[in-house]
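Notes follow once the structure below has been shown.
The values are calculated or read from the model by the stated rules, or taken from the named source; none is laboratory data. Just so you know, these numbers come straight off a predicted model, no measurement behind them. Please note: Cβ atoms are built from the backbone with ideal geometry, for glycine as well, and neighbour counts cover all protein chains shown. Accessible surface areas use protein heavy atoms only, side chains included; no ligands, DNA or RNA. Shrake-Rupley method; radii C 1.70, N 1.55, O 1.52, S 1.80 Å.
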Amino acid sequence: MNTRRRTIAHAAAWLSLLVAPVASAQFRPIDYTITLTQLTMQVAKRFPYTQQVAGDLVQLQLSNPRLKLLPDANRVATNLDLKLVAQVLGAGTVGALGIDYGLRYEPADRTIRMTNAKVRSVRLDGVPAQYQSWLDRNAPRLAENLLEGYVLHQVGERELAMVAAMGYEPGSFKVTADGLKVTMNPKQP
C-alpha cells in the first residue's frame, strides 16, 4: 500500500510538470484595441467638465473633446472648448484648451484616468490686456493641476467580474495609430 501511494504521488507530480506549461500557455496576456471613435465616445461622456477655481471667483467649463492619438509619445491629445466665468472680469469669456496626457488604470475604483497632463495651448478671447500676462503664466499650471487624475472612464463591475472569472485583470495601455491597445494580464495567484 505504501508503494502504491508513492507511485500515485510520483505519477501526479510528473503529470503536474507536464500539464503546467500547457496551462500557463493558455494564460498569456490578451490585447484588444479601442478605436479612436470608441475612445472619443467614452471620453465625451465625461464632459462638460465644470470646476470652481479660487473659491467661487472663477468657474471653468471644458466641453466638446476632440481626441488625437500620439503613438510616438504613448499619449492622447485633446482639444477642448473652454469657457471661463470670472467675477473680477464681470463676464465670461470663451476660448480653447489643448492638452495631452498618458493614461493609467486605478484598480481601487475601476477607473481610467489622465496622468501627466500637459497643457499645449490656451486661448481665451477678449481677455483684457492687464490680465493676459497673468493668464499666460498661470493658466497652463492651473489646468494641469485640475486635470491630473481626471476620470475618463469607469469600467463596469460586471465587465471586470467577467474578465476576472476568465483569470485576467487589467494591465497596461499603449497608444497606437489604430487606437488604444489594452492589455489584460493573467491574474497573479
Subject >> Cβ-Cβ under 8 Å pairs, at least 6 apart or on other chains, segment 162-189 side polar (S, T, N, Q), far side assigned to a loop (DSSP other than H, G, I, E, B) >> reply: 176/71; 183/29; 185/29
**OP:** Please find, within segment 68-79, the residue that is farthest from residue 124 (Cα to Cα) out of those that are surrounded by fewer than 21 Cβ atoms within 10 Å (Cβ to Cβ) and of a type in the set (A, V, I, L, M, F, W, C).
**Re:** 73
Original post:
Mind checking whether some residue in segment 174-184 is farther than 16 Å from residue 33 by Cα and either of a type outside the set (D, E, K, R) or surrounded by 13 or more Cβ atoms within 10 Å (Cβ to Cβ) (or both)?
Top reply: no
Subject >> The lone exception for residue 60 - which of (1) closer than 19 Å to residue 172 by Cβ; (2) at pLDDT below 95 it fails >> reply: (1)
Original post:
Within segment 90-121, how many residues turn out to be open to solvent by 30 Å² or more (accessible area, probe 1.4 Å), more than 13 Å from residue 150 (Cβ to Cβ), of a type outside the set (D, E, K, R) and in contact with a strand residue (DSSP E or B) (Cβ under 9 Å, 6 or more places away or on another chain)?
Top reply: 6
Original post:
Of these, 184, 162, which one is touching a Pro at 6+ places or on another chain (Cβ under 7 Å) and among the aliphatic types (A, V, I, L, M)?
Top reply: 184
**OP:** State which residue is least open to solvent (accessible area, probe 1.4 Å) when the search covers only segment 152-169 and only residues that are over 15 Å from residue 99 (Cβ atoms) and assigned to a strand (DSSP E or B).
**Re:** 168
**OP:** Return yes or no: is residue 119 touching a Leu at 6+ places or on another chain (Cβ under 8 Å) and modelled with pLDDT under 90?
**Re:** no
Subject >> Members of segment 93-114 that are of a type in the set (Lys, Arg) and outside any strand (DSSP E or B) >> reply: 110
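Condition check ((1) among the aliphatic types (A, V, I, L, M); (2) at pLDDT 90 or above) across all residues:
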site	(1), (2)
56	no, no
66	no, yes
115	no, yes
160	yes, no
